[in-house]
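Each remark here refers to the structure printed beneath this line.
Where a number appears in this text, it was derived from the coordinates with a stated rule and is not lab data. All figures in this text were calculated on a predicted structure; none of them were measured in a lab. Please note: Cβ atoms are built from the backbone with ideal geometry, for glycine as well, and neighbour counts cover all protein chains shown.
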Amino acid sequence: MAYITYRGENTSLMLYGIRFPAKVPVLVDSESVIKNFRDRPDFDVQEEKIIPLEDLTLLQLKDKAKAAGIDGFSSMNKGDLIIALRGGSKPSDNTPPAGDPSKPEGADGKNADANNTPTA
């Protein structure tokens with residue numbers, strides 16, 4: 001695998017069925033395709049280059065999420081995808097935030113509706 005970057009200024013290319021936006025590294029798995037790009041002066045080939053997730057495009061993050069088997073990746077935004085790819089999870093919509101007055105527990109963690117008799 002290698003990251004291939006098209007050096008173009010303001011356009012993108014589609015070669016070998018792969019879209020190459022200008023100056024954005026694209027992960028390519030096929031060794032035969034990588035070999036063809038090594039001889040082209042308008043492309044940079046970096047073997048096993050690590051690119052921070054924040055530098056990837058939304059489409060690239062969705063591709064990574066799909067490959068990682070993350071459920072619901074297609075409706076996630078960039079921040080959510082980065083969290084999911086790093087192993088975090090998006091909080092569910094039905095979990096109340098900490099300190100929420102609708103929580104049934106009291107400050108001591110016990111059920112606030114418990115029928116405790118007051119002590120004198």
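Distance in nm between label sites at K35 and I51, each 7 Å beyond Cα in the beta-carbon direction?
2.4 nm
Based on the Cα coordinates of the stretch 52-91, what is the per residue volume of their convex hull in Å³? Before the final figure, lay out the partial values.
On the way: hull volume 2.5 nm³, N = 40.
Per residue, the Cα convex hull of the stretch 52-91 comes to 61 Å³.
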